[in-house]
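Working notes, structure below.
No lab work stands behind these numbers, since they all come straight from the coordinates. Note that the structure is a prediction, hence the values are computed from the model and not measured. Note that each Cβ is placed from the backbone with ideal geometry, even for glycine, and that neighbours are counted across all protein chains shown.
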Amino acid sequence: MRFGIGLPTCTEGLMYPVPFADFPEVVELAQEAEALGYYAVMGNDHFTTPRYVRRSFDRPPRFYEPLITYAYLAARTERIKLMTGVLVLPMREPVLLAKQVATLDLASKGRVILGVGVGAYREELEAVFPDRRRLRRGELADEMIPALRALFTQRAASFTGRYVRFEDVELFPKPVQDPLPLYAAGNAPEAARRAGRYCEGWIPAVLSPDEVRQRLEIVREGARQAGRDLTGFDVAPQLVVAIGSTPEQARKRLRGSQLFEHLVSLQRSTLRGQDLARVEERCLVGTPDQICRQVEAYRAAGVTHLSGLLFAADTLAEFREQMRLFGREVVAAFARDRAGGSQ
């Protein structure tokens, strides 16, 4: 099992209070995560402030663009993977995005994992691109992912779709990784099929082990339709973590956090239909020993990577405390397990 932390690139006002982390502190978190043995950092992507955040805080959150952040981190870290979680495809132009990602993969010596999705807040797209109010974001994603793949792999790439068009583009240098790992994010059946059809991995959010197992059948269906082999496919859900010395303390930490309010906001999009009265079943909540058992349940369901873990913390000091404790008690335990030969 691999583990990654959710780096606070664009999380002020959403998962965490305003203010939360200055840019140098974001860099320090990535460096410490590497030292603690985490596999990846995963930064999210926002261009403007969602309306519910504006109503909640009297000052705007600071959103650090993830690819620029990672270009800086490429020179400040050595091993940790630089994962986007996720880049919002409807906000990005494909040829420029491919050039940025290929350059970042070169600068980081092959450490990029490109997680992409349609975005949780349609209002953000409509604020930045008012003429895209009628855009079918899923259809765009179904064009953007193979278009990016063509740019990453072909000498001269062309693509003609409803939303994405370019002709005879030579994009060099190519990424160091071949293939550059592309992951599709989302809980909806369309997102799961997209991951199976086109990608090296899938990033659902806040699902129970049973829900992951069920949706993996949809991923496999997408792969079968595309004639793809999923050997090595990375099942990488993003979960919330709340660690405490007792189960009660951990539950209180989760329920009283800004992160819990963010989950409430996602009931209109990513978490549509979820009952937050039972949210602990879809998170890692409890003592370190309990969380280790919960991780085992995810592994048994087919999960290979707990990506972008979101620690229930309302201060940076609390975030660091949770990240360190999880690293010492959970990441280290599964590292020992791997060293002992268990799969």
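With bins 5 Å wide beginning at 0, the percent of Cα pairs of segment 140-285 falling in each bin runs 2, 9, 16, 16, 15, 13, 11, 8, 6, 3, 1, 0. Computed from Cα positions, the angle between helix 209-226 and the longest principal axis of the chain comes to roughly 10 degrees. Applying a DSSP loop filter and a limit of 11 other Cβ atoms within 10 Å to the GluC sites (Glu not before Pro) in segment 130-189 leaves E170. Projected onto the charge dipole of the chain (+1 at Lys/Arg Cβ, -1 at Asp/Glu Cβ, origin at the Cα centre), which of V18, L216, V206 gives the Cα projection farthest towards the positive end? Of the candidates, L216 comes out farthest on the positive side. D by Stokes-Einstein for segment 1-156, Kirkwood Rh over Cα pairs, 25 °C, 0.890 mPa s: 149 µm²/s. Backbone amide hydrogens, once placed in the peptide plane, bring G115 within less than 5 Å of T84, L87, Y183, excluding anything fewer than 5 places away on its chain. Among the lysines, select those whose C-alpha is under 30 Å from the C-alpha of K99, and discard any that sit fewer than 8 residues away in the same chain. Cα-Cα hits under 30 Å: K81, K109, K174.
Using a 10 Å cut-off around each Cβ, can you sort S108, S307 from fewest to most neighbouring Cβ atoms?
Exposure proxy ranking, most exposed first: S108, S307.
Shown for the chain is the translational diffusion coefficient from the Stokes-Einstein equation, using the Kirkwood radius over Cα pairs, a temperature of 25 °C and a viscosity of 0.890 mPa s: 121 µm²/s.
When each of K99, K109 is scored by the number of other beta-carbon atoms lying within 10 Å, the sequence from fewest to most is K109, K99.
Counting DSSP beta bridges with both partners in the chain, what percentage is antiparallel, nearest 5? Close to 10 percent.
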